Protein chains: 2
Amino acid sequence: MILDKVTSPADLKKLPADKLPELAREIRDVLINKASNFGGHLGSNLGVVELTIALHYVFDSPKDKIVFDVSHQCYVHKILTGRKAAFLDEKLYRSVSGYTNPKESEHDMFNVGHTSTSISLACGLAKGRDICKRTENIIAVIGDAALDGGEAFEALNSAVEVGGGLIVVVNDNDMSIPENHGALCKHLAELRKNEGKCENNFFKALGFDYYFVKDGHNIAELIEAFTKVKDITHPVIVHCVTKKGKGYSFAEDNSEKWHWAHPFNIETGEFYKGTAVPKENYGSIVGQYLMQKIKDDPKIVAMTASVPAYIGFNSERRKEAGSQYVDVGIAEANGVTMAAAIAKSGGKPVFVTGSSFYQRAYDQIEQEMCINRCAATMLVAFSGINGHDSDAHAGLYDMALLGNIPGLIYLAPSNKQEYLAMLEWSIEQNESPVAIRIPWNGVHYTNEPVPPEYSKTKYMVRKSGSQVAILGLGSFYQLAEQVAELIKKEMKIEPTLIDPMFITGVDEPLLEDLKSNHKLIVTLEDGIVLGGFGARISQFYGVDDMKVINCGFHTEVPTQFTVEEMMEKNGLMPEQILQRVKDIVGGNESTEEKK
Amino acid sequence: MILDKVTSPADLKKLPADKLPELAREIRDVLINKASNFGGHLGSNLGVVELTIALHYVFDSPKDKIVFDVSHQCYVHKILTGRKAAFLDEKLYRSVSGYTNPKESEHDMFNVGHTSTSISLACGLAKGRDICKRTENIIAVIGDAALDGGEAFEALNSAVEVGGGLIVVVNDNDMSIPENHGALCKHLAELRKNEGKCENNFFKALGFDYYFVKDGHNIAELIEAFTKVKDITHPVIVHCVTKKGKGYSFAEDNSEKWHWAHPFNIETGEFYKGTAVPKENYGSIVGQYLMQKIKDDPKIVAMTASVPAYIGFNSERRKEAGSQYVDVGIAEANGVTMAAAIAKSGGKPVFVTGSSFYQRAYDQIEQEMCINRCAATMLVAFSGINGHDSDAHAGLYDMALLGNIPGLIYLAPSNKQEYLAMLEWSIEQNESPVAIRIPWNGVHYTNEPVPPEYSKTKYMVRKSGSQVAILGLGSFYQLAEQVAELIKKEMKIEPTLIDPMFITGVDEPLLEDLKSNHKLIVTLEDGIVLGGFGARISQFYGVDDMKVINCGFHTEVPTQFTVEEMMEKNGLMPEQILQRVKDIVGGNESTEEKK
């Protein structure tokens, strides 16, 4: 194998250019093989094999700095920069993360996981280079869909003024996670069609020089273009046309399915059973529900920022929903604001994105949604420890983030019936912006009735007891049940078990009531404890004799972990919580128990 | 006066077109007169007198919906839509806010105060119109500088896909608050120079139709353009060239000074003494400090998102700083990310914007800054109740927002010496992102030494006492001093007085120590209590006998208020706090005192 000889970019440069296509084939096989065993972002990496080889052939990393946007397309880069063992040797698969990470290699500039930041980072690196009087090349590699995000534009707008050389490689595969959206994608299509020529060039309008690479899988063509722009002293776009999933027919044919591949059979392209999304999941449940609503009511608008799967909107449903489905591209700020205005204008919008990505729309939720009391619904996916993929795709911060926004009702259902009741209520009410945290710990059920109405913070007491009350919020309600069982069994106490359902607000009458025959409140929340749900319970009882333990996650989260490891590390296993309860209610009020 | 006859857009439409320039002159006088007595956004409103008259002459508000970006330029709109008394009658000056507000009039669609949202709101209104089968015109009015914000681009990118008619009026005055920045402003300059023609039209690249109005103060020309686009069925830009401050020579000549005018003498253009910024202020102090740093060290970069005054960077300093000054335009996300990368690249960036505007960069602070541990400095201006202008320009939320981001050190100095020591330390350290909350309650001093180092959370005990400990954070430290004095005088107790300095983290050893001879902790913070500083102190003492009161602001803030009103309403006057302390430490542990 040629790849045997390549453990660094320096080795790569020693190869004759005519050997590079063969190297590309080898790397492609390596990518497909690892993904088939381990899963991963297959499509996007297959699309940049040649592009990445050419970059490292022409530029001198790590002196020259390459920033990958989102960085889920960095596998080839990792293979070429000393980390190929993590792709070849099954035992070492976990030795690298799925994103760039400076801790792994000096060739990785940043730990990145959110879209649309690479040009901005590159502008900063260029500025830093210039004030430090260095001369390296700065290269941002960004996909067409990531250009939809406002920050990418902000940086394009700044680049000319920052001055100096800056190379933006647009990896144009005409896809987001689902199909692409927006005017820029149409513009890129026109440029592709006319081989880089068109009447109004978006990039040139912003002062960029512009190069077009017709075949982003032709290494010679790529090398030629990159050589031309190397050491350039002004900002330049290199627009490369690539194909997502290139070289693996199943991935080429259905790039949405193969954006993130579960382990699969290489020959048949089938995901192995048990590795894919479970059959019963909230995506499919809500997808069905929303499609029915859409058919019944022309004012319903299902909205997303490029992640329709979170509400089960597969391509058939998207088509069927027609103009009642809006994908704003990877542009959460615009999505939230547009939803607010749709609500104001008489529509009933339901917007969805991931917990980590609501971070990009805090301002819009606080301003457009909440100050204006626009009755839109926001669904928060990939929340909690089960949704927390890494520190760059956090699921643990959303309650501290959204839960303290004045005027927002933020709900945490703990089962299917609650989730659907909350969704139905939220869509049909006209008073308040509402966010619902989709429980990410699987689909659970209740046999008890759930409230039809959620305008006022009111917790639900599922079991009345004494001495200890457990408030198990949302996806930690099932944990609360386990803890309650344990306490009953081990301590011969019947604790009160509460399903708070509300992240925002406090059910003051209930908390007041609990004082009469309880001495300890245990709050359980599937997020960081700082600024979260438990904090307001602690604040409530600040001058009372009631003891309060807030159980949840501390702020440090490693890049890689298992859910069980994290639960144990944060003292969230039922036995650990039991022990803390025993220490306090048993009369042993150890001061070491308060964190 | 012609204005006498106009109390609604319907009245306006009855006027012959040739009377409109006279009306414009009258309105201009009214604007100048009110601002000279009361202050206000003078420059931007003088710039849109004709534009607003023409809009209301052609379109049919409130059926047709006009959304003003930021909406600080809505005074003329308010005058024409039934609220002129608030501009003519001194007694009624306060009867309208400085921004659009649906509570005031059906002609105001949204309560808006942040930039770059109008096109997104208009897209949502257009979508709502279409699904509700209505046919009104939707018009967004946006300044050239607001187009720099990423959300504006996201919405331009979405508009064609949303479909239907959408009119974006670009009010191009070639200014932000200071001078304009970025490639788009250069592009607009080219369009202005060539009367709307140029090789690569940015707006056309995004699928917009495009009209150019050469003289945005010529009402006939404006009416002609607006009439052409009325009832259009696709997205269109109407690019109008205006002059900020038009018609008042002082404001035309120095539009930065006149962006927000303090009360002034109309004849001389001088702000009255005592109404402008006090001579000793943190802007000028930090401006001097940073300029010296810049001269001494080429790696320092002073950065802002269009608000250089917050660090005292007047036009002379900006010039002198040269390439060591970066204004990213109103694009906070890009500013924060770029700062992170400059730090990574060896530079020493200091970024500043207002408390309310950090909301737009949460994601970038959490991701680029904190996960990557980029040692940049962020200064938070207009914080606390003194910086809180309205719910759309909040100063009270930043501690709940930034204080819970893992990995960030967020500092709250209470005096000048602390602020400068923190700033010096932050700039020179290389370990952590740091935010500093500029005390917005005037410049205070301390006679005691301040720490030179802030890498670990360590509160400063200013006075050791017993029974009651008061933690007065940042701009509430002086309040804590007053409360301590009162307690001493009224209760004959010497309370412990602490200057916590750190919003993030908890000084656990100190809090532990306090248990030995204190029974009550009072936290004072100049922000909302939910998710803030006091919450973590309450959490710390959750299972102890220590009582904790968190004093700060509740979440509801009216649109208009005085600082004293708000302090009293939230129980933050020294006597009110004293009473709460008495109720608890006096042995009367009333449970009604815990909010």
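Some points to look at:
- Members of the stretch A:547-579 found to be crowded, with 21+ Cβ neighbours inside 10 Å, without any contact (Cβ under 8 Å) to a residue 60 or more places away in the chain and farther than 22 Å from B:GLY403 by Cβ, listed by number: A:LYS547
- Among the residues of the stretch A:166-184, those identified as more than 8 Å from every other protein chain (Cβ to nearest Cβ) and modelled with pLDDT of 95 or more are A:LEU166, A:ILE167, A:VAL168, A:VAL169, A:VAL170, A:ASN171, A:ASP172.
- Residues (hydroxyl-bearing (Ser, Thr, Tyr) and modelled with pLDDT under 90) located in the stretch A:531-570: A:THR555, A:THR559, A:THR562
- Considering the stretch A:455-536, the qualifying strands (runs of 3 or more DSSP E), each wholly inside and each with 1 or more residues that are buried (at least 23 other Cβ atoms within 10 Å of the Cβ) and either without any contact (Cβ under 8 Å) to a residue 60 or more places away in the chain or in contact with a strand residue (DSSP E or B) (Cβ under 6 Å, 6 or more places away or on another chain) (or both), run over A:467-472, A:496-499, A:518-528.
- Of all the residues in the stretch B:318-370, those that are touching a Lys or Arg at 6+ places or on another chain (Cβ under 9 Å) and polar (S, T, N, Q) number 6.
- Filtered residue count, the stretch B:243-279, keeping only those that are at positive phi and either surrounded by fewer than 20 Cβ atoms within 10 Å (Cβ to Cβ) or hydroxyl-bearing (Ser, Thr, Tyr) (or both): 3
- Pick from the stretch B:326-355, criterion under 19 Å from the mean Cα position of the chain (by Cα) and of a type in the set (S, T, N, Q), ranking: surrounded by the most Cβ atoms within 10 Å (Cβ to Cβ): B:ASN334
- Of the residues making up the stretch A:181-232, just one is outside any helix (DSSP H, G or I), in contact with a Phe, Trp or Tyr (Cβ under 7 Å, 6 or more places away or on another chain) and farther than 30 Å from B:ASP209 by Cβ, namely A:LYS230.
- Of the residues making up the stretch A:246-261, just one is closer than 24 Å to A:ALA152 by Cβ and at pLDDT 95 or above, namely A:LYS246.
- In the stretch A:378-390, the qualifying residues are those that are of a type in the set (S, T, N, Q) and surrounded by fewer than 24 Cβ atoms within 10 Å (Cβ to Cβ), and the one that is modelled with the lowest pLDDT is A:SER390.
- Criterion: under 26 Å from B:GLY128 (Cβ atoms) and crowded, with 16+ Cβ neighbours inside 10 Å - qualifying residue of B:ASP60, B:ASP69, B:ASP11: B:ASP69
- Note on the stretch A:197-222: residues that are surrounded by 15 or more Cβ atoms within 10 Å (Cβ to Cβ), under 22 Å from A:LYS244 (Cβ atoms) and either away from chain B (no Cβ under 14 Å) or out of contact with any helix residue (DSSP H, G or I) (no Cβ under 7 Å at 6 or more places or on another chain) (or both) amount to 10.
- When restricted to residues that are of a type outside the set (S, T, N, Q) and under 29 Å from B:LYS348 (Cβ atoms), the stretch B:373-396 contains 12.
- Residue pairs whose Cβ atoms lie under 6 Å apart, sitting 6 or more positions apart in sequence or on different chains, and linking a residue in the stretch A:64-76 that is assigned by TED's automatic domain parsing to the domain that holds A:THR52 to a partner that is assigned to a strand (DSSP E or B) and of a type in the set (A, V, I, L, M), are A:LYS65/A:ILE138; A:ILE66/A:ILE139; A:VAL67/A:ALA140; A:PHE68/A:VAL141; A:ASP69/A:ILE142.
- Condition check for A:GLU190: modelled with pLDDT of 95 or more, facing chain B (nearest Cβ under 10 Å) and crowded, with 24+ Cβ neighbours inside 10 Å: no
- The helices (runs of 4 or more DSSP H) found entirely in the stretch B:12-58 that carry 2 or more residues being among the charged types (D, E, K, R) are B:20-38.
- Qualifying positions in the stretch B:555-573 - within 14 Å of another protein chain (Cβ to nearest Cβ) and closer than 28 Å to B:GLU512 by Cα: B:GLY571
- In the stretch A:82-132, the qualifying residues are those that are of a type in the set (Val, Ile, Thr), more than 8 Å from chain B (Cβ to nearest Cβ) and out of contact with any Leu (no Cβ under 8 Å at 6 or more places or on another chain), and the one that is surrounded by the fewest Cβ atoms within 10 Å (Cβ to Cβ) is A:VAL96.
- Lone unmet requirement of (1) part of a helix (DSSP H, G or I); (2) over 24 Å from A:ALA17 (Cα atoms); (3) touching a helix residue (DSSP H, G or I) at 6+ places or on another chain (Cβ under 6 Å) for A:LYS293: (3)
- Whichever residue in the stretch A:146-165 is within 9 Å of chain B (Cβ to nearest Cβ), surrounded by fewer than 24 Cβ atoms within 10 Å (Cβ to Cβ) and out of contact with any Lys or Arg (no Cβ under 6 Å at 6 or more places or on another chain) and, among such residues, is nearest to A:ASP215 (Cα to Cα): A:VAL160
Per-residue answers, yes or no, for (1) touching a helix residue (DSSP H, G or I) at 6+ places or on another chain (Cβ under 9 Å); (2) modelled with pLDDT under 95; (3) within 26 Å of A:GLY165 (Cβ to Cβ); (4) outside the structural domain of A:HIS217 (by TED's automatic domain parsing):
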residue	(1), (2), (3), (4)
A:GLU22	yes, no, no, no
A:ASP29	no, no, no, no
A:ILE32	yes, no, no, no
A:LEU46	yes, no, no, no
A:SER61	yes, no, yes, no
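- On the stretch given as the stretch A:133-145, residues that are surrounded by 24 or more Cβ atoms within 10 Å (Cβ to Cβ) and out of contact with any Gly (no Cβ under 9 Å at 6 or more places or on another chain) total 5.
- Test result for A:ASN441, under 18 Å from the mean Cα position of the chain (by Cα), assigned to a loop (DSSP other than H, G, I, E, B) and surrounded by fewer than 22 Cβ atoms within 10 Å (Cβ to Cβ): yes
- Segments classed as helices (runs of 4 or more DSSP H), wholly inside the stretch A:344-428, with at least 1 members that are within 9 Å of chain B (Cβ to nearest Cβ): A:398-402
- Only one of the listed residues (B:ASN265, B:ASN254) is over 29 Å from A:LEU184 (Cβ atoms) and without any contact (Cβ under 8 Å) to a residue 24 or more places away in the chain. That residue is B:ASN254.
The values are calculated or read from the model by the stated rules, or taken from the named source; none is laboratory data. Keep in mind that this is a model prediction, so the values were computed, not measured. With ideal geometry, Cβ positions are generated from the backbone for all residues, glycine too; neighbour counts draw on all protein chains shown.
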